[in-house]
Amino acid sequence: MNKRRRTYVRLIGEINHVLNEALAQEFERRQLTMTKMGEIIDRDKSFVSKKMNGTTNMTLETLADLAYALNRPVKVTLPSREPVSGANHKINEAQPQTSAVTNGATALAT
Amino acid sequence: MATLEHLVASGKLRKHEPELDDGEMPEGIICLSPECDAWLSNHLIGTPRFSGRKLTAYDQVDQILYDFVIGRPMAYSVHYRKLEPVGSHVWELKTVDVRLFGWFCKKGHFVVVCGSLKNKLRKNKNYAPFIAKVIAFRKALDLDEPKAITGTNHNDIF
């Protein structure tokens with residue numbers, strides 16, 4: 001798998017992970033379930049489940065809906081892979097860093 | 001008898017080492033049997049993406065193995081499951097479209113022996129050949145005893 005494809009796969013994995021972690025926390029805090037999330041966004045549990053476990057494609061609007069149902073703001077970051085040591089940070093043009101995705105890349109913050 | 005590391009060095013297993021980003025540290029170890037390695041590289045990688053899916057079957061495997069290695073939380077029955085009979089200590093790692101069969105040799109150490117597309121399993125409704133394959137591979141492997149974790153709880157294996 002090339003790096004470009006892997007970046008996409010990791011993004012999908014990150015979104016699924018962050019959504020499910022948020023739901024687990026909200027379940028602990030206020031017993032939020034996928035059924036209740038569905039009620040909040042006028043969808044059934046099956047729809048929510050398929051989006052949360054990554055079974056089917058998800059639009060940004062659906063992602064925002066799930067964040068709304070979780071009552072969490074969406075935060076998106078693209079952190080640099082290289083440490084910034086000053087103002088003259090140079091990007092390797094042979095391997096553009098603009099699509100870097102790490103653990104903090106797409107997060108639904110508390 | 002040999003440790004997992006010796007078996008990897010001798011080529012009887014291949015350690016799966018996904019590329020990690022800055023700040024990520026491996027917390028789990030995945031080893032693949034030669035059969036599974038070949039199945040992933042020669043068969044699964046060419047399987048087209050199923051309708052409506054975000055990821056191909058191969059992508060899904062790549063992601064769950066990565067999740068395992070970096071120590072992401074895994075949920076019983078969603079991401080992994082112990083198979084019947086539980087005394088055989090055979091487990092499956094699960095993605096939406098793929099099942100990977102193997103066993104936990106230590107906490108956080110999983111050996112994948114073989115795999116299948118989920119839709120093929122559904123047609124046959126038969127896990128027995130895969131379970132038998134894991135047991136036979138484990139038995140033939142010159143791994144230090146005890147070869148398998150026998151516990152069933154999350155804390156036994158992660």
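The values are calculated or read from the model by the stated rules, or taken from the named source; none is laboratory data. In this text the structure is predicted, and so the values were computed from the model without any measurement. Counting neighbours? That spans all protein chains shown, and the Cβs are built from the backbone with ideal geometry, glycine included.
Below, the figures for the structure above:
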{"quantity": "Residue ID - farthest from B:V61 (Cα to Cα), chosen from residues in region B:8-47 that are part of a helix (DSSP H, G or I) and either within 14 Å of chain A (Cβ to nearest Cβ) or touching a residue at least 60 places away in the same chain (Cβ under 8 Å) (or both)", "calculated": "B:E35"}
{"quantity": "Meets criteria (farther than 22 Å from A:K3 by Cα and of a type in the set (K, R)) for B:K107", "calculated": "yes"}
{"quantity": "Residue in region B:83-101 that is surrounded by the most Cβ atoms within 10 Å (Cβ to Cβ), counting only those that are touching an Asp or Glu at 6+ places or on another chain (Cβ under 8 Å) and farther than 14 Å from B:A57 by Cβ", "calculated": "B:F101"}
{"quantity": "So B:G52, is it out of contact with any Lys or Arg (no Cβ under 8 Å at 6 or more places or on another chain), within 27 Å of A:L60 (Cα to Cα) and surrounded by fewer than 16 Cβ atoms within 10 Å (Cβ to Cβ)", "calculated": "yes"}
{"quantity": "The lone exception for A:I15 - which of (1) at the interface with chain B (Cβ under 8 Å from one of its Cβ atoms); (2) not in a loop (DSSP other than H, G, I, E, B) it fails", "calculated": "(1)"}
{"quantity": "Residues being buried (at least 22 other Cβ atoms within 10 Å of the Cβ) and out of contact with any Asp or Glu (no Cβ under 8 Å at 6 or more places or on another chain) - total across region B:68-82", "calculated": "1"}
{"quantity": "Of residues in region A:81-94 being surrounded by 12 or more Cβ atoms within 10 Å (Cβ to Cβ) and modelled with pLDDT of 50 or more, the one nearest to the chain's Cα centre (by Cα)", "calculated": "A:R81"}
{"quantity": "Residues satisfying the stated conditions in region B:94-118, i.e. outside any loop (DSSP other than H, G, I, E, B) and within 14 Å of chain A (Cβ to nearest Cβ)", "calculated": "B:K94, B:V98, B:K118"}
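Condition check ((1) modelled with pLDDT under 95; (2) surrounded by 13 or more Cβ atoms within 10 Å (Cβ to Cβ); (3) more than 13 Å from chain B (Cβ to nearest Cβ)) across all residues:
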| site | (1), (2), (3) |
| --- | --- |
| A:T56 | yes, yes, no |
| A:T59 | yes, no, no |
| A:A69 | no, yes, yes |
| A:P79 | yes, yes, no |
| A:P96 | yes, no, yes |
